Amino acid sequence: MDRNARDRQLRPSKFLTLTTTEDGRLLLHNSLTGAIAAIAPAQAEQARHFLRSKAADLPRETNLEEQLAEAGFLVPIGTDEDGSAMDQYLAKYGTSHLQLIILPTEQCNFRCVYCYESFSRGAMPSEVQKALKECVARQVNLERLNITWFGGEPLVAADVVVNLQQYFSQHCKRHGIEFSSTLVSNGYLLTPAVADKLLHLGLSHLQITLDGTAAEHNKRRHLMDGGETFEKIMVNLRYLKQRTERVRVTLRHNYDRRNLSHAPEFIELMAREFADDPRFEFVFEPIGKWGGQNDSVLDVYEGKERAATKIHLQRLAKEAGFRNAYQAQVLRPNGFVCYAADPRSFVVGSDGTLYKCTVELDKNERNVVGRLTQDGKLMVDWQKVALWTESNGAWRQNSKCTGCFFLPACFGAICPKEWLDRADVTCPPEKRFIGETLRTIALRSVNDGAQRSGSAAVERGAGASSQTELAGGKLSGRPNS
Ligand code: SF4
Ligand code: SF4
């Protein structure tokens, strides 16, 4: 505890959310610090009073007040919270990090009903692979490298993934660079042999999509020739579970009006297989009309229903026993900021073309922002990049983001494409349903904390760190794979 807290006048943080659980606990979230906490029912009323009072009215010298100040829910008068939020957002302009979302091939072995990709290019040629290695090698002062394997289906070109993953992991080890890597895959080609190789090379995160129980999934996510895929993916997932590495496995479920009713049965099925393993998590993404050839016949959720169904499914997964690392992660500072809004994040096509957005790819000239040269330079049109990195509404005077309690987690940059298309952006479902989101998180993680911490008035839950894992969190929100 800051010893001076008792000598200062405190006020509630402007980025604070309060809500109550069914059993009378008060749940708190601060989007500037990412802290989540629960107050026991006996002290909930007193805490609510502190957190809703004007500074001058606050009683002093209570333990509860001290704990609320320590967790950042109360701050000293004069604290520049807007300035701190801005600093966190502007960290993206530093050069100590680099994120590359690599398309090792633009081909895919599946033909999912909602897919928007054109499959126009094949595997990455060796000269582009060489240029990518050069690109990473020539980064000076690099402290963090994040690689995401995307596609098409990246494992259609598994040799490219293995070749580059090996180089990146060794390079980072040699130079003391923090390395993280995510594979976004349909899971069909992630056989035990391929999984062994990638885990050995330090793959830290996998995202694999299943769209329901076998019959539902096979209707929506089938092979090019229409063949079934569910059972093979399950076999591959079961093998991953047997491995002992600290890999995070995100199971993703894309849904619309046609398969939502099957979701409870599907969640129960997956919970029986994977919920007892804390490395597995479950995320849900409403299907959208993303530019594919079947857009006109998709029966998608829109507006508030879109957000409400996602929040509901997250609750079902938590009740079934899955942990919700994703939810706690996106409630942190920058947790919802799309990688397209990061000037140090590029999508690298299999021919070396550079893009920003993984949905637009080459469908729109504004997204074709440069190319990787043979000697590994990122030749970039910064005016185009600025369309993506500067296009959020947060900095506009009198925009809806001005004064938003969720601003540090989102900055109006959740989807620069949406902002470019219609000069507005939809708030994240977790913000629109923040009370329900916090209650879902509290279902187990905060309760577990309560059992451990016993009589503590303020139980700290997930997310008290300001660290952001941009790719890991955001890709689970991407409309692909
Ligand atoms: S988009 Fe919505 S949640 Fe995000 S900062 Fe703006 S108002 Fe807040
Ligand atoms: S969130 Fe929006 S800008 Fe970001 S990748 Fe998706 S569509 Fe593109």
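The values are calculated or read from the model by the stated rules, or taken from the named source; none is laboratory data. All values reported here derive from a predicted model rather than from experimental measurement. Note that each Cβ is placed from the backbone with ideal geometry, even for glycine, and that neighbours are counted across all protein chains shown. When the accessible area is computed, the model is the full protein with side chains, heavy atoms only, and any ligands, DNA or RNA have been set aside. Shrake-Rupley method; radii C 1.70, N 1.55, O 1.52, S 1.80 Å.
How many of the residues making up the range 109-143 are of a type outside the set (A, V, I, L, M), open to solvent by 10 Å² or more (accessible area, probe 1.4 Å) and under 20 Å from residue 181 (Cβ atoms)? Counting residues in the range 109-143 that are of a type outside the set (A, V, I, L, M), open to solvent by 10 Å² or more (accessible area, probe 1.4 Å) and under 20 Å from residue 181 (Cβ atoms) gives 7.
Say whether the condition of being among the hydroxyl-bearing types (Ser, Thr, Tyr) and more than 12 Å from ligand 1 (Cβ to nearest atom) is met by at least one residue in the range 373-388. Yes, there is a match, as at least one residue in the range 373-388 is among the hydroxyl-bearing types (Ser, Thr, Tyr) and more than 12 Å from ligand 1 (Cβ to nearest atom).
From the list 374, 383, 397, exactly one residue is part of a helix (DSSP H, G or I) and open to solvent by 40 Å² or more (accessible area, probe 1.4 Å). Which is it? The unique qualifying residue is 383.
For the criterion of being part of a helix (DSSP H, G or I) and in contact with a His (Cβ under 9 Å, 6 or more places away or on another chain), residue 91 passes. Of everything in the range 419-433 that is basic (Lys, Arg) and more than 14 Å from ligand 2 (Cβ to nearest atom), the residue that is surrounded by the most Cβ atoms within 10 Å (Cβ to Cβ) is 431. Could you give every pair whose Cβ atoms fall below 6 Å, whose first residue belongs to the range 75-91 and is farther than 21 Å from residue 335 by Cβ, and whose second residue is of a type in the set (Gly, Ala, Ser), counting only separations of at least 6 or pairs across chains? Every condition considered, the pairs that remain are 77/55.
Mind counting the residues in the range 288-319 that are in a loop (DSSP other than H, G, I, E, B) and touching a Lys or Arg at 6+ places or on another chain (Cβ under 9 Å)?
6
Only one of the numbered conditions (1) under 20 Å from the mean Cα position of the chain (by Cα); (2) within 16 Å of ligand 1 (Cβ to nearest atom); (3) among the hydrophobic types (A, V, I, L, M, F, W, C) is violated by residue 361, and that is (2).
Yes or no, residue by residue, for (1) open to solvent by 10 Å² or more (accessible area, probe 1.4 Å); (2) in contact with a helix residue (DSSP H, G or I) (Cβ under 7 Å, 6 or more places away or on another chain); (3) closer than 30 Å to residue 302 by Cβ; (4) modelled with pLDDT under 95:
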position	(1), (2), (3), (4)
209	no, no, yes, no
229	no, yes, yes, no
233	no, no, yes, no
246	yes, no, no, yes
252	no, no, yes, no
269	yes, no, yes, no
272	yes, no, no, no
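Of all residues in the range 281-317, which are open to solvent by 40 Å² or more (accessible area, probe 1.4 Å) and of a type in the set (S, T, N, Q)? Within the range 281-317, 293, 294, 296 qualify.
Please determine whether any residue of the range 170-177 is in contact with a helix residue (DSSP H, G or I) (Cβ under 7 Å, 6 or more places away or on another chain), outside any loop (DSSP other than H, G, I, E, B) and more than 30 Å from residue 333 (Cβ to Cβ). No. Counting only residues that are touching a residue at least 60 places away in the same chain (Cβ under 8 Å) and either in the same structural domain as residue 293 (by TED's automatic domain parsing) or among the acidic types (Asp, Glu) (or both), the range 363-395 holds 1 of them.
Looking only at residues of the range 434-458 that are at pLDDT below 50 and among the charged types (D, E, K, R), we find that the one that is surrounded by the most Cβ atoms within 10 Å (Cβ to Cβ) is 448.
Might you check whether a residue that is more than 13 Å from ligand 2 (Cβ to nearest atom), among the β-branched types (Val, Ile, Thr), within 20 Å of the chain's Cα centre (by Cα) and buried (at least 24 other Cβ atoms within 10 Å of the Cβ) occurs anywhere in the range 327-347? Within the range 327-347, none of the residues are more than 13 Å from ligand 2 (Cβ to nearest atom), among the β-branched types (Val, Ile, Thr), within 20 Å of the chain's Cα centre (by Cα) and buried (at least 24 other Cβ atoms within 10 Å of the Cβ).
Residue pairs whose Cβ atoms lie under 7 Å apart, separated by 6 or more positions or on different chains, with the first residue in the range 420-434 and touching a residue at least 24 places away in the same chain (Cβ under 8 Å) and the second more than 7 Å from ligand 1 (Cβ to nearest atom) and open to solvent by 50 Å² or more (accessible area, probe 1.4 Å), are 420/387. In the range 402-418, what residues are open to solvent by 10 Å² or more (accessible area, probe 1.4 Å), within 10 Å of ligand 1 (Cβ to nearest atom) and within 20 Å of residue 357 (Cβ to Cβ)? Residues satisfying the conditions are 410, 414, 415, 418. Residue pairs whose Cβ atoms lie under 9 Å apart, sitting 6 or more positions apart in sequence or on different chains, and linking a residue in the range 24-36 that is in contact (Cβ under 8 Å) with a residue 40 or more places away in the chain and under 11 Å from residue 71 (Cβ atoms) to a partner that is assigned to a strand (DSSP E or B) and among the polar types (S, T, N, Q), are 28/17; 28/19; 29/17; 29/19; 30/17; 36/30.
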